[in-house]
Amino acid sequence: MKHDVIVLGAGMVGVSCALHLQARGLSVALVDRRAPGMETSYGNAGIIQREAIAPYALPRGLGFLLSGMTNRRVDVRYQAGSVARLIGPLWSYYRHSAPEAYQQIAREYETLIARSLDTHEQLMDDASVRHLVAGHGYLMLYRSERELHEFFKVADQRAQAGVRHTKLSSAELAQAEPSLVGEFAGAVRWTDPLAISSPGDLVQAYARLFAQRRGSLHLGDATTLRKTDAGHWQVDAADGMQEAPQVVVALGPWTTTLTQRFGYTAPVIPKRGYHMHYARLPDKPLHSTVIDGEYGFVVAPMKDGLRLTTGAELAVPDAPRAHGQLDAAEAVARGVFPIGQRVDREPWMGTRPCMPDMKPVFGAVPDVPGMWCAFGHGHQGFTLGPITGELLADMVTGAPPRVDVRPFSPARFLA
Ligand SMILES: Cc1cc2nc3c(=O)[nH]c(=O)nc-3n(C[C@H](O)[C@H](O)[C@H](O)COP(=O)(O)OP(=O)(O)OC[C@H]3O[C@@H](n4cnc5c(N)ncnc54)[C@H](O)[C@@H]3O)c2cc1C
């Protein structure tokens, strides 16, 4: 079947690109090897992070580096063999995390995050899925006074950029979440973010909206992508071959495996995460999503139970599963959160596709006519999918984007 554009990958980023291209009047085929929203966009913490105006830098302090050496931290772990293979990108990440470079990156990142909520809300209204919003805002929790006050400073800085919050004392926190156990200095409640009760359901609802608007959705393998003599793209799907003059590669952590066959690659730092659902305890509700600020894991009330998502594990795709980080986070969480028995048979695992300069990558693939890409959204791809889709659709159709897209150009990784 012939279309104007093929979008490869139906995670939050690919589905959002497909919807925005379709809204410009293009006929779009969306192809994934699974149903929409079943990979990274399924297993995340489900927060639309309007507050995340600065991306995660690599901590450069000696304390972090020393404590990381034992590989027993709860928030960050690594697989030694993977680190050896990622030395180049990690060194680049370290350099981009230096204060001056980082400030510029954060300014650019903010231009996307500032539009993330509006672009989601528009799609949520169009898809009639406001019921998937489980809560407004979330809590950042701290035990130590010193850490809390450092975080209050971050909150005050972000307030100057229009990000709203409230500060909670220990007593106010106990009132807001009486089921939490332990001595806490207090918390920050970011009030703008949205907590979604099932991230995969949100992607699927957006994909249904795309199909209702006459988009064509196909099961198929992106690795069958090829170019015809006439310069068109073809990909094999279960219901027949799909063809178009333009293709958007939005395969999340799998993107560069495909694009490098056509001569384009970029240094992705894979940061794995794991999740597990736990039963709710009777009469002990958790009202909002909570990030444990000191241990770097999230507990989110979701459709399938209380979902604990871990921080980052540096691990290349063929590295084995390692459940130690989840077990360590669970051990901390059991002393604090009202979580019951494990619900899932085994932990879910997914990979945040992170770039050394912490910014997503979207736009024309250099030197490959008719190929576009959208990937590398790291810790905030669930948040940034819709604004990425809007800006990519602008570029494909030649419309002026409302954000300067140059900082996100795929060409920045050319030697
Ligand atoms: C533990 C954890 C917690 C997170 N929490 C948050 C959060 O709270 N908020 C937030 O904004 N972000 C969060 N993130 C990050 C976010 O989940 C990702 O950035 C985002 O999901 C990436 O979306 P994507 O569409 O690029 O990739 P994906 O969702 O992975 O989609 C890629 C798609 O490509 C398809 N695909 C791959 N190979 C092929 C092939 N050969 N043929 C066909 N299809 C193929 C896959 O099936 C998949 O559907 C979290 C991530 C993790 C791991």
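The values are calculated or read from the model by the stated rules, or taken from the named source; none is laboratory data. The structure presented is a predicted model; accordingly, all values stated were derived computationally and were not measured. A quick note on method: Cβ atoms are made from the backbone with ideal geometry, for glycine too, and the neighbour counts reach across all protein chains shown. Remember, those area values only see protein heavy atoms, side chains included, never the ligands or the DNA or RNA. Shrake-Rupley method; radii C 1.70, N 1.55, O 1.52, S 1.80 Å.
Neighbours of residue 213, meaning other residues whose beta-carbon lies under 13 angstrom from its beta-carbon, give a summed charge of +2 when Lys and Arg score +1 and Asp and Glu score -1.
Evaluated at q = 0.12, 0.16, 0.22 Å⁻¹, the base-10 log of the normalised Debye intensity for segment 91-177, with identical point scatterers placed on the Cα atoms, takes the values -0.60, -0.95, -1.14. The mean sequence distance of close C-alpha pairs (under 8 Å, at least 6 residues apart), as a share of the length of the chain, puts its relative contact order at 27 percent.
Evaluated with a Cβ-only charge set (Lys, Arg +1; Asp, Glu -1), the chain carries a dipole of roughly 360 debye about its Cα centre, given to the nearest 20.
State the volume of the convex hull built on the alpha-carbon positions of segment 184-331, expressed per residue in Å³ and rounded to an integer. Please list the in-between numbers first.
Numbers: hull volume 29.0 nm³, N = 148.
In segment 184-331, the Cα convex hull volume per residue is 196 Å³.
Proximity of backbone amide H atoms, modeled 1.01 Å from N, is registered between residue 226 and 234 at under 5 Å, excluding neighbours fewer than 5 places apart on the same chain. Only the Cβ atoms of Lys and Arg (+1) and of Asp and Glu (-1) were treated as charged; on that basis the dipole of segment 145-235 about its Cα centre amounts to roughly 620 debye.
Pairwise over distinct Cα atoms, reciprocal of the mean inverse distance: report the Kirkwood radius of segment 1-160 in Å, one decimal place. Walk me through the numbers on the way to the answer.
On the way: mean 1/r = 0.0513 Å⁻¹.
Hydrodynamic radius (Kirkwood, Cα pairs) of segment 1-160 is 19.5 Å.
Is it possible to state the helix-based mean residue ellipticity at 222 nm for the chain, with each DSSP H run of 4+ residues giving -39500 (n - 2.57), the sum divided by total residues, to the nearest 500 deg cm²/dmol? What is it? It would help to have the intermediate numbers written out before the result.
Details: 13 runs with 137 residues, N = 415.
Helix contribution divided over all residues of the chain: -10000 deg cm²/dmol.
Heavy atoms of the protein chains alone define the surface here; on that basis segment 256-415 has 37 Å² accessible area per residue at 1.4 Å probe size.
The residues of segment 7-100 expose, per residue, 44 Å² of accessible area to a 1.4 Å probe. Build a GNM of the chain with springs between Cα atoms under 10 Å apart, and of 384, 173, 308 the one that fluctuates most is 173.
To one decimal place, what Kirkwood hydrodynamic radius in Å is obtained for the chain from all pairs of distinct Cα atoms? Numbers along the way, then the final one.
Numbers: mean 1/r = 0.0457 Å⁻¹.
Roughly 21.9 Å, rounded to one decimal.
The label-point distance for residue 367 and residue 406, in a model that sets each label 7 Å from Cα toward Cβ, rounds to 2.3 nm. As a ratio to 2.2 N^0.38 Å, the alpha-carbon radius of gyration for segment 270-339 is 1.15. Think of segment 285-401 as a dipole: +1 on every Lys or Arg Cβ, -1 on every Asp or Glu Cβ, centred on the Cα centre; then among 323, 401, 361, 323 lies furthest on the positive end. Distance from the alpha carbon centroid of segment 1-60 to that of segment 61-98 works out to 28 angstrom.
Just to verify a number: FRET efficiency for residue 62 and residue 212, C-beta to C-beta distance, R0 = 60 Å, to 0.05? All intermediate terms of the calculation are to be shown ahead of the outcome.
Details: r = 55 Å, r/R0 = 0.92.
For R0 = 60 Å, the calculated efficiency reads 0.65.
A quarter of the convex hull surface defined by the alpha-carbon atoms of segment 306-370 gives 7.5 nm² as the mean projection.
Reported to the nearest whole Å, the Cα centre-to-centre distance from segment 220-265 to segment 138-203 is 42. The lysine pair tally for the chain, using Cα distances under 26 Å and a gap of 8 or more places or different chains, is 7.
Each residue of segment 151-167 is assigned a 3J(HN,Hα), and the resulting list reads 6, 4, 5, 4, 4, 5, 4, 5, 4, 5, 9, x, 8, 9, 7, 10, 9 Hz, derived from the Karplus form 6.51 cos²θ - 1.76 cosθ + 1.60 (θ = phi - 60°), x at Gly and Pro.
With both partners inside the chain, how many of the DSSP beta bridges are antiparallel, as a percent to the nearest 5?
Details: 51 of 73 bridges.
Roughly 70 percent of the DSSP beta bridges within the chain come out antiparallel.
Spin-label model, residue 71 to residue 107: label points 7 Å out along the Cα-to-beta-carbon direction sit 4.0 nm apart.
Rounded to the nearest 20 debye, the dipole size of segment 35-179 about its Cα centre is 600 debye, using +1 on the Cβ of Lys and Arg and -1 on the Cβ of Asp and Glu.
A simple spin-label model places the labels of residue 122 and residue 150 3.9 nm from each other, with each point 7 Å out along Cα-to-Cβ. Scalar couplings 3J(HN,Hα) for segment 26-36, obtained by applying the Karplus form with A = 6.51, B = -1.76, C = 1.60 to θ = phi - 60°, are 8, 8, 10, 9, 10, 10, 9, 7, 10, 5, x Hz; x denotes Gly and Pro.
Shown for the chain: the carbon plus sulfur share of the solvent-accessible area, taken with all protein chains present and a 1.4 angstrom probe, equals 54%. Could you tell me which of 253, 268, 222 has its Cα farthest along the dipole of segment 221-278 towards the positive end, charges placed at Cβ (Lys, Arg +1; Asp, Glu -1), taken about the Cα centre? Going by the charge dipole, the pick is 268.
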